[in-house]
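What follows is one structure encoded as structure tokens, with my remarks underneath.
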Amino acid sequence: MSLPFITDKTFKTQDYTLNSLPKAEYANCTFIHCDFSNSYVSGMSFLECEFIDCNLSLVKAKTATLNDIVFTNCKLLGFPFHECNPFLLTVTFNNCILSFSSFYNLKLKQTIFANCQLQQTDFTNTDLTESVFDNCNLSQTIFDHSILEKVDFTNARNIRINPEKNRIKGSKFSKENALGLLTHYFININ
């Protein structure tokens with residue numbers, strides 16, 4: 001059974017915490033000031049949609065499709081991206097809070113994270129080739145067996161990456177944040 005198809009619609013100031021967003025395929029839709037916290041988007045499809053000033057914390061997103069999605073000024077605490085449909089998963093984040101979220105085992109090549117909070121976010125086994133972390137806080141973020149080749153970390157803060165457990169060839173670091181590549185060696189640098 002196919003889902004209803006909703007296109008070119010704007011949803012403003014909606015509260016989906018009690019009554020979930022209707023299960024459908026959404027294309028070229030915009031969600032502004034909507035609260036999805038603890039709600040279900042499982043099995044839904046979002047194509048070329050934008051979420052602006054929305055709360056998507058602790059959303060249940062099993063098999064949700066996120067294709068060419070832009071999140072701006074959104075709160076996505078604990079968002080389980082790893083449960084989303086990995087096929088054609090493409091997302092961009094601007095001024096978002098993504099702390100405690102999981103991107104485990106996903107291919108997220110050329111993903112933009114701009115001005116984001118990513119504390120304790122899990123990127124284990126994630127392919128982030130050619131992605132950008134511009135002015136992002138990566139405090140206690142987990143990079144384990146991740147592909148970080150040609151990633152731009154130049155303006156990121158609080159980086160801790162073990163170069164022996166991650167592929168970092170061609171990545172860019174500032175002199176200051178490059179010290180985060182040495183924390184696993186327990187050495188003192190003065």
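Per-structure values
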| read-out | value |
| --- | --- |
| Separation in nanometres of the label points that stand 7 Å from Cα toward Cβ, at residue 9 and residue 152 | 3.7 |
| Among [x] 123, 36, 29; [y] 62, 47, 36; [z] 58, 28, 23, the entry derived from the coordinates for Cα extents along the principal axes in Å | [z] |
| Which of 138, 179 has the fewest Cβ neighbours within 10 Å, and the rest in rising order | 179, 138 |
| Check: the chain dipole with +1 on Lys, Arg Cβ and -1 on Asp, Glu Cβ, in debye | 360 |
| Modelled FRET efficiency - R0 41 Å, residue 90 with residue 184, Cβ distances, 0.05 increments | 0.85 |
| Aspartates and glutamates with Cα under 14 Å of residue 12, excluding same-chain neighbours fewer than 8 positions away | 35, 50, 53 |
| DSSP bridge orientation in the stretch 48-187 - percent antiparallel, rounded to nearest 5 | 0 |
| Sequence of 176, 149 once ranked by neighbouring C-beta atoms within 10 Å, starting from the fewest | 176, 149 |
| Where trypsin sites (Lys or Arg not before Pro) fall in DSSP loop in the stretch 38-90, at most 16 other Cβ within 10 Å | 62 |
| Percentage relative contact order, the chain, counting C-alpha pairs under 8 Å, at least six apart | 11 |
| Of 42, 99, 146, the one that fluctuates the most in a GNM where the chain has Cα springs shorter than 10 Å | 42 |
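Every read-out reported here was derived from the displayed coordinates using simple, explicitly stated rules and does not represent laboratory data. From a predicted model like this one, the values you see are computed outputs, not experimental measurements. Don't worry about glycine lacking a Cβ; one is built from the backbone with ideal geometry, like all the others, and counts go over all protein chains shown.
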